[in-house]
1. Is segment C:84-99 home to any residue that is within 30 Å of residue C:133 (Cα to Cα) and under 17 Å from the mean Cα position of the chain (by Cα)?
2. Determine which single condition residue A:188 fails, assuming it passes every other condition in (1) at pLDDT below 95; (2) closer than 28 Å to residue A:436 by Cα; (3) crowded, with 24+ Cβ neighbours inside 10 Å.
3. Would segment A:505-516 turn up any residue that is in contact (Cβ under 8 Å) with a residue 60 or more places away in the chain, over 12 Å from residue A:88 (Cβ atoms) and buried (at least 17 other Cβ atoms within 10 Å of the Cβ)?
4. Does any residue in segment A:54-78 that is on the phi > 0 side of the Ramachandran plot come within less than 6 Å, Cβ to Cβ, of a residue that is part of a helix (DSSP H, G or I) six or more places away or on a different chain, and which pairs are these?
5. Could you tell me whether residue A:433 is modelled with pLDDT of 95 or more and in contact with a strand residue (DSSP E or B) (Cβ under 8 Å, 6 or more places away or on another chain)?
6. Do you know which residues across segment C:29-42 are more than 8 Å from chain A (Cβ to nearest Cβ) and under 16 Å from residue A:233 (Cα atoms)?
7. For the structure I just gave you, tell me whether residue A:154 is more than 30 Å from residue A:13 (Cβ to Cβ), at pLDDT below 95 and assigned to a loop (DSSP other than H, G, I, E, B).
8. With respect to residue C:64, is the statement that it is under 30 Å from residue A:293 (Cβ atoms) and within 14 Å of chain A (Cβ to nearest Cβ) true?
């Protein structure tokens, strides 16, 4: 039944041997050393300042949506950095390996990366950037902001929220593990069948890719359930649907897409897994397999996934622009309608990823027209933003610059997308770097929105603004890098460079390749400014401290509570009276009115269960990757046992009393997100943390 | 945390359980499936029409289950379940329908005529691939 | 925008005092319902795969559809799964009356019938494997086995869940948490009947057309 794979296998260690560790490769050794140093820079201070307990109690076992969101974003930023390094390596390889006379280093015939290593790098670049960088960051932003925007105390299912986080983290850890133990997939982030089948990819690379995505996508699905249930069921009184902030709307639509499309990815990967482990013939060449079925299933998920990522980005732009234009968003209803139109159309366009399959003129026409239809609601959005900007009182803070920059990228990416939607054009440029340049514009628009959002909402979470000066330098260098790199890439696409080349034969491409390399160099410079922005902001945090409304012109509910947000979000649930609630309160001079009295409320306890499930899920994934059956089996049974055990545990949570709340709210300094609750108890701030008895809870 | 004081058994979703509804749902599903079985066993219609007929019977059974088993309606505690299902049903149709359509067209265009294996042909050992 | 209006010169309330009544049970069943929609899409993906691989080219010289499916035998499975779902549904009718004994009796019958279903399915698989029709014979058989086994795995998971709930009912009585789980389990179990309707019609019956 089980597929026989070449190479040694032992019951105890599966396929894992000492030779699996690529200690002879200097690049990987360097990466390993870098990771160790980076890891030590975190671990040593934690040990030195005796913060292990704090980290465990307040973060690793937390069920607080804001802390979970922060961890999502940190995970995403780290993965984004690794994805960026991959991108840098791809660019450098291509500029070094152009033409037959190009030199080879480190065992490569041309450039410095042998083909199988280069293939792993572009595969991990795509996988990391899409699944483990952008997705977690946007999920994290939704986690932090949505409950605040709708006036809720937490998500609908706080513990499941933590499970989602740890499953996503497990996926990222598996990709990281593949760097040092074994190898990664060489079949691209989409996993081209039948290249992903055992005869063509016998190593563990594809398995790493497969289980990393599979496990993290379970986390994403759970998070989608949580978000939808939160938005539907946890809105503050008066938060009617026509008053919902746009970011919440887009998060809702994006999670509807996530909920419904990720299972299809699950099927595609499960069937591929069945091929690789059980010897079935879903996507094999011959024996009745159909490799285009994989492509089909993958893109049924893959295209909605694109909108899964871009819709929250649109939501962010729709929040940032009105704040810094000091005007309400133009066309609220059309914006919501456009969001859901995009979400709906996203389910009818997936074949445009494989027009060249040759399903014929009828099929191609249908999907071509459907793809072009996306342009209509997107155009509505762009005009809404432009009309919001029109005659606004514009303040070009760093978040605003990112938001406006995103509009330019949307325009370039969107129009090239319209070109690609025409099958006749697609047949010519498909698989060329023109396509790459197109979708990098789109993904960069998402990255721009992410940077806008981090700058915009950072003060809400931490209580101080990011440094404007270095933040703007970050924007300008990043944008210059984008322009230099991707204009050259569009040109190379027209010149006929196909994607994923480790060796380029045409020396006439050299000038454009050098331009691309300069672009990536400017990107590297922008990384410096990003780090500087964080450093300067934290150093000067006292100077940049803000009140509840960090920008003075914000419009939505999240700016009503303190910055930084206390663990209970709102001392008293706000009553929502209108759409842009905060603007309305400003207009009526009641923005500063605090609640007159406090009441007891209930909070969930932290729990170690999600972390435990995460650790076991890693064991499950790692065991399956290396075919260590006992490890995978034990982990799976243990996960089931933990879930059953948890269903028997009666954890009623605790009560924060009105007196405690009065003390916390009356303090000079708002409660920081990194404050230890134990510390607060010692100060006498939390006077009565009464745990409910089971009888009270039920 | 709510329901401190209210008995969970009095919750509307518990109270929506209905002996009659479940019995009708059970009998209906069974009869519809038996009818489909009978049609297929008798080969009562030409293949394509038969497929249409049994699909219709299945759809009726699923529809009945939505109301009689899941108890979907527009009551306050069920409205979001109904709404989310109505929003999801088009996705089932798109996923399966468009896939079947595109692969059907693909097969028409790329499979060489005469190389198709006859269903039920005994002693077939050839392994057809696109290359042959 | 309903901007600057203060109705009747009076400021509307800014804060919502008083305890917010959250309906815990409905929140949980709605969350679970969302999971089931996601699960339904998973089956949609599997059915789409089956529909594509259910083509003469994908039989790869192995047995064809009509040789693999046995609608009459599958009818017994249909009977088993539908009556198991019916039994569990009746158990929740007993729950409605607060009758713990009726609830447990219904669950016990549902468990037995569910086990019968899985037994029938395993026997069917065993006989197919015995005749050499294994999942690795052809793309079509891969799709056939994986689709039906996915439903079977759901059934097995449901049985495990039902056993756990049996213990919880005995141990905790009809508390809010237990009742919410029982309702979720009802959704899950009834959903298996709906999936089986599709499997029966689009795999077993369609296979003999």
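1. yes
2. Among (1) at pLDDT below 95; (2) closer than 28 Å to residue A:436 by Cα; (3) crowded, with 24+ Cβ neighbours inside 10 Å, residue A:188 violates only (3).
3. So far as segment A:505-516 goes, yes, one or more of its residues are in contact (Cβ under 8 Å) with a residue 60 or more places away in the chain, over 12 Å from residue A:88 (Cβ atoms) and buried (at least 17 other Cβ atoms within 10 Å of the Cβ).
4. Pairs found: none.
5. Yes: the conditions hold for residue A:433.
6. Across segment C:29-42, the qualifying residues are C:29, C:32, C:33.
7. Considered against the rule, which asks whether it is more than 30 Å from residue A:13 (Cβ to Cβ), at pLDDT below 95 and assigned to a loop (DSSP other than H, G, I, E, B), residue A:154 comes out as yes.
8. So residue C:64 passes the test.
The values are calculated or read from the model by the stated rules, or taken from the named source; none is laboratory data. A quick note: this is a predicted structure, and the numbers were derived from the prediction, not measured. Counting neighbours? That spans all protein chains shown, and the Cβs are built from the backbone with ideal geometry, glycine included.
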